[in-house]
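Working notes for the structure below.
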Amino acid sequence: MCAKATMEEFEALLNESFEIDTPAEGAVVTGKVIAIEAGQAIIDVGYKMEGRIDLKEFANPGEAPEIAVGDEVEVYLRNVENARGEAVLSREMARREAAWDRLEKAYAAEERVDGAIFGRVKGGFTVDLGGAVAFLPGSQVDVRPVRDAGPLMGLKQPFQILKMDRRRGNIVVSRRAILEESRAEQRAEVIGKLGEGDIVDGVVKNITEYGAFVDLGGVDGLLHVTDMAWRRVNDPKEVLTIGETVKVQVIKVNKDTHRISLGMKQLLDDPWDSVEAKFPLESVHMGRVTNITDYGAFVELEPGVEGLVHVSEMSWTKKNVHPGKIVSTSQEVEVMVLEIDSSKRRVSLGLKQTMRNPWEVFAETHPVGTAVEGEIKNITEFGLFIGLDNDIDGMVHLSDLTWEGRGEDVIGDYHKGDMVKAVVSEVDVEKERISLSIKAVDGDPFADAVGGVKRGSVITVVVTSIEEGGLEVEYEGMKSFIRRSDLSRDRGDQRPDRFSVGDKIDVRVTNIDVKTRKLGLSIKAREIAEEKDAVEQYGSSDSGASLGDILGAALNKDE
């Protein structure tokens with residue numbers, strides 16, 4: 001009876017064991033650590049199965065394994081039995097399967113996942129996400145390029161899954177997305193507290209050619225170069241250094257774009273408030289050239305106050321020269337204040353006004369008739385330009401080149417660079433014009449010849465040529481012509497052939513034409529004038545005396 005019961009119990013136990021399903025290969029099962037030896041953990045997974053797993057599979061990247069006898073762990077059953085009759089187990093594969101399930105849920109919910117960077121690969125890094133390995137591109141490590149990722153290695157931190165494919169085993173994560181989200185929250189909080197006009201402290205993070213970015217505690221503001229100082233700042237590095245703490249004023253805040261404009265000069269007194277008092281009109285001051293353009297030069301009168309010297313106000317004599325050939329950057333110059341517009345923050349300055357007008361000086365030191373000497377600077381179709389003192393030029397017109405002939409015929413005798421002598425004939429200071437005469441250097445032969453001659457004077461000339469239309473005569477070396485009709489009062493004596501070359505004739509001056517340099521001469525006019533004088537002196541037609549009697553009496557008196 002007892003033996004029968006024992007057999008029945010054994011049969012029941014055997015049937016019970018057959019009814020229990022043996023775990024399938026590829027499943028994740030729970031096992032118990034029953035021993036640790038030779039760098040391996042021996043795991044009992046039940047079902048009278050044991051397997052070995054290397055201890056390194058129980059360690060996180062960069063950490064020591066945490067495993068002890070008696071611990072229960074989930075393992076992956078790769079094979080039920082190997083050649084030694086042991087189960088083939090894997091802790092890593094179990095963690096990976098569990099991790100993928102967890103990561104897929106997080107990816108679907110757009111949740112962050114924790115992980116640690118443990119290796120470097122081409123184009124980025126590898127990240128352990130608690131059993132699954134993900135790829136972290138280099139561009140997704142930080143909001144700015146990271147030169148040294150060493151401090152980030154092995155550090156547990158949150159990541160955002162960008163893409164994952166379980167079939168291919170690919171996961172791409174981003175650390176940058178987490179940082180940007182945190183920065184956006186921090187930025188919104190900081191901006192919400194800022195208001196225009198607030199004065200805050202910040203740290204200079206970056207300097208560019210147009211300004212500097214200042215960290216206000218989680219949010220950056222732009223300090224433009226024009227708002228660094230009242231004076232002109234050519235290079236922001238002259239004013240700021242990276243890492244420097246500065247006090248700035250919030251000029252403008254755009255809460256939509258999170259852009260903040262900052263200023264430093266706004267914390268200082270505006271020098272333009274006292275410009276008119278410090279720099280009255282026509283006052284002269286020393287300044288420094290800060291910038292040169294095609295239209296003039298900017299001169300700093302004091303820090304924050306600049307004026308423009310227009311190219312037309314730079315030199316009395318250099319009219320079409322680039323300002324850079326008159327002044328140079330950083331040069332100290334003396335300028336005069338010409339105009340101030342405080343509302344537009346503009347000051348007009350003059351450089352030439354600090355020096356005397358060279359035309360005024362020339363007019364004072366070289367009155368008309370003064371002899372000068374200079375180099376021919378230019379030759380034009382209407383005359384010569386002669387270089388004089390103080391970089392001014394005088395012009396010799398064609399008509400002032402010679403007394404004889406035409407200027408067009410003799411201008412070819414002059415060449416650029418020749419030194420010539422001339423006489424000042426006119427100075428027009430307002431028009432900045434000096435007229436010179438080369439022909440007047442040795443005097444005016446016409447003026448010398450007719451110096452004592454007036455209209456109506458009787459002079460003696462010498463016949464030099466007899467022509468059909470009259471006589472060519474000479475007086476003190478000056479040639480003149482007596483027309484046929486002026487040879488006599490009587491028409492019958494108006495014959496040129498009654499004269500001979502060399503004859504001396506008394507003639508009356510009827511005209512002095514300085515422009516054509518000719519004398520108007522007439523024998524006829526002289527005879528008429530003499531007859532009139534005789535009549536007035538010795539009688540008249542009313543007295544009954546004949547003209548012959550009057551002239552005879554006049555001739556007898558002369559004798």
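The values are calculated or read from the model by the stated rules, or taken from the named source; none is laboratory data. Note that the coordinates shown come from a computational prediction; the quantities given were computed from them, not determined experimentally. No Cβ is skipped: glycine too gets one built from the backbone with ideal geometry, and neighbour counts run over all protein chains shown. Calculation scope for accessible area: heavy atoms of the full protein, side chains included, ligands and nucleic acids excluded. Shrake-Rupley method; radii C 1.70, N 1.55, O 1.52, S 1.80 Å.
Computed values, structure above
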quantity: Inter-site label distance for Lys252 and Glu111 at 7 Å from Cα along Cβ, in nm; calculated: 4.4
quantity: Additional length obtainable on full extension of the chain from Ser328 to Phe118, 0.36 nm per residue less Cα span; calculated: 69.6 nm
quantity: Per-peptide average of other Cβ atoms within 10 Å, ordering 378-387, 432-441 highest first; calculated: 432-441, 378-387
quantity: Pairs beyond 19 Å (Cα-Cα), from Lys352/Lys377; Lys421/Lys515; Lys278/Lys325; Lys205/Lys255; Lys205/Lys237; calculated: Lys352/Lys377; Lys421/Lys515; Lys278/Lys325; Lys205/Lys255
quantity: 0 to 90° range, to nearest 10: angle between helix 176-193 axis and the chain longest Cα axis; calculated: 60
quantity: Segment 151-199 and segment 266-324: distance between their alpha carbon centers, rounded to Å; calculated: 51
quantity: Approximate spin-label separation Arg288-Arg166, in nm, with each point projected 7 Å along Cα-to-Cβ; calculated: 7.2
quantity: Test item: Cα-centred dipole of the chain, Lys/Arg +1 and Asp/Glu -1 on Cβ, debye; calculated: 680
quantity: Residues Glu468 and Asp389, FRET efficiency given R0 of 51 Å [Cβ-Cβ distance, rounded to 0.05]; calculated: 0.40
quantity: Calculated over the chain: convex hull of Cα atoms, volume per residue (Å³); calculated: 361
quantity: Estimated FRET transfer efficiency when R0 is 35 angstrom, pair Glu185-Asp269 (beta carbons, to 0.05); calculated: 0.35
quantity: Accessible heavy-atom area order of His310, His366, His258, His415, highest first, probe of 1.4 Å; calculated: His415, His310, His258, His366
quantity: Protection proxy ranking of 140-147, 356-363 - average other beta-carbon atoms within 10 Å, highest first; calculated: 356-363, 140-147
quantity: Surface accessible to a 1.4 Å probe, Val327 within the full protein complex, Å²; calculated: 10
quantity: For Phe58, solvent-accessible area (1.4 Å; no DNA, RNA or ligand), Å²; calculated: 30
quantity: Alpha-carbon centroids, segment 336-355 and segment 421-464: separation in whole Å; calculated: 46
quantity: Additional length obtainable on full extension of the chain from Trp403 to Glu209, 0.36 nm per residue less Cα span; calculated: 63.0 nm
quantity: Per-residue ³J(HN,Hα) for segment 468-474, Karplus 6.51 cos²θ - 1.76 cosθ + 1.60, θ = phi - 60°, Hz, x for Gly and Pro; calculated: 4, x, x, 10, 9, 10, 10
quantity: Selection of trypsin sites (Lys or Arg not before Pro), segment 484-519, meeting DSSP coil and at most 10 other Cβ within 10 Å; calculated: Lys515
quantity: DSSP-defined beta bridges in segment 91-192 - what % are antiparallel, rounded to 5; calculated: 90
quantity: For segment 456-464, 3J(HN,Hα) per residue [Karplus equation, 6.51 cos²θ - 1.76 cosθ + 1.60, θ = phi - 60°, Hz, x = Gly/Pro]; calculated: x, 5, 9, 10, 9, 10, 10, 6, 10
quantity: Taking the C-alpha atoms of segment 98-172, convex hull volume expressed per residue in Å³; calculated: 87
quantity: Ser500 accessible area, 1.4 Å probe, all protein chains in place, Å² to nearest 10; calculated: 60
quantity: Accessible surface, 1.4 Å probe, highest first, among residues Tyr47, Tyr475; calculated: Tyr47, Tyr475
quantity: Pair Arg489, Val453: separation of 7 Å Cα→Cβ label points (nm); calculated: 2.3
quantity: Computed over segment 274-373, Kirkwood Rh from alpha-carbon pairs, angstrom; calculated: 14.6
quantity: Compactness of segment 406-473 as Cα Rg over 2.2 N^0.38 Å, two decimals; calculated: 1.69
quantity: Gain in span if fully extended, Asp54 to Asp497, counting 0.36 nm per residue against the direct Cα distance; calculated: 144.3 nm
quantity: Accessible surface ranking that places the most exposed of Leu268, Leu55, Leu398, Leu155 first, with a 1.4 angstrom probe; calculated: Leu268, Leu155, Leu55, Leu398
quantity: Label point at Arg102 placed 7 Å out along Cα→Cβ; residues across segment 36-50 whose backbone nitrogen lies under 19 Å; calculated: none
quantity: In sequence order, calculated HN-Hα J values of segment 144-151 (Karplus, 6.51, -1.76, 1.60; Hz; x Gly/Pro); calculated: 10, x, 9, 7, 10, 8, x, x
quantity: For the chain, calculated [θ]222 nm from helices alone, where every DSSP H run of n ≥ 4 adds -39500 (n - 2.57); calculated: -5500 deg cm²/dmol
quantity: Modelled FRET efficiency - R0 45 Å, Arg259 with Thr126, Cβ distances, 0.05 increments; calculated: 0.75
